[in-house]
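In what follows, a single structure is set out as structure tokens and then discussed.
The values are calculated or read from the model by the stated rules, or taken from the named source; none is laboratory data. Please read these numbers as outputs of a predicted model, since none were measured by experiment. All Cβ positions, glycine included, derive from the backbone under ideal geometry; neighbour counts span all protein chains shown. We work out accessible area using only protein heavy atoms, side chains counted, and drop any ligands, DNA or RNA first. Shrake-Rupley method; radii C 1.70, N 1.55, O 1.52, S 1.80 Å.
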Amino acid sequence: GPRKRRKSGRLWQLPQSSIQEYAKWIEMKPEETQTPGERRFLDRFHRRQLIDQQRMPHETMKQYVARLETKEKITPAELRLIETYYRRRAQRRRRRRDNNPFRG
């Protein structure tokens with residue numbers, strides 16, 4: 001049948017300055033008053049920041065994560081990025097395996 005196109009998560013883009021202001025605003029709130037959504041936003045914001053600022057232009061995510069893992073001191077944000085990378089990689093592999101018409 002016709003292939004379904006996956007919808008992109010980001011259909012519209014906020015200006016970077018607004019995103020940074022919102023992240024700063026969440027960070028200034030006491031942690032107890034942060035909503036799960038705000039914490040998720042902050043996690044994503046830090047992850048994106050790490051990727052944009054520290055990853056070399058020629059590096060793949062796989063190489064970047066491998067380099068992060070060799071560091072002496074890994075920050076909580078870096079640790080979350082590494083965990084997310086492996087979780088998503090496993091999901092991708094599972095999806096590929098489950099969609100393989102030659103299995104079973």
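Could you check segment 67-79 and list, in sequence order, the residues that are aliphatic (A, V, I, L, M) and in contact with a helix residue (DSSP H, G or I) (Cβ under 6 Å, 6 or more places away or on another chain)?
Selection gives Leu68, Ala77.
If you scan segment 80-100, which residues turn out to be in contact with a helix residue (DSSP H, G or I) (Cβ under 9 Å, 6 or more places away or on another chain) and of a type outside the set (D, E, K, R)?
Hits for segment 80-100 are Leu81, Ile82, Thr84, Tyr85, Tyr86.
If you scan segment 17-47, which residues turn out to be closer than 16 Å to Pro76 by Cα and either modelled with pLDDT of 95 or more or surrounded by 13 or more Cβ atoms within 10 Å (Cβ to Cβ) (or both)?
Glu27, Phe41, Leu42, Asp43, Arg44, Phe45, His46, Arg47
Just to be sure I understand, how many residues within segment 67-95 are open to solvent by less than 50 Å² (accessible area, probe 1.4 Å) and farther than 22 Å from Arg39 by Cβ?
Residues that pass the stated criteria total 1.
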